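Here's the structure we're looking at; comments come further down.
The values are calculated or read from the model by the stated rules, or taken from the named source; none is laboratory data. Quick caveat, the model's predicted, so the values are computed rather than measured. Quick reminder, even Gly has a Cβ in these numbers, built from the backbone with ideal geometry, and neighbours come from all protein chains shown. Accessible surface areas use protein heavy atoms only, side chains included; no ligands, DNA or RNA. Shrake-Rupley method; radii C 1.70, N 1.55, O 1.52, S 1.80 Å.
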Amino acid sequence: MKKQENSITRRSQRDYSLAFKLQVVQQVEKGELSYKKAQRHYGIQGRSTVLVWLRKHG
């Protein structure tokens, strides 16, 4: 069996710049992505990471 490569890139906390966080928050606030879809799309590991960003930067 061949191992399938996952297209989602996992990131660690230190990879998130302020500009990246604001971009994700903006997309969620505009309704382009839900916070869960944003998590999957950008490979954000923490379950509540995007929610914390929304509270802090939204």
Q | In segment 19-30, the residues that are over 9 Å from residue 53 (Cβ atoms) and open to solvent by less than 60 Å² (accessible area, probe 1.4 Å) | A | 20, 27
(Q) Which pairs turn up if I take residues in segment 29-40 that are of a type in the set (Lys, Arg) and look for partners that are part of a loop (DSSP other than H, G, I, E, B) with beta carbon separation below 8 Å, at least 6 apart in sequence or on another chain? (A) 40/8
Q. Which one is modelled with the lowest pLDDT among residues in segment 31-57 that are within 12 Å of residue 21 (Cα to Cα) and hydrophobic (A, V, I, L, M, F, W, C)?
A. 44
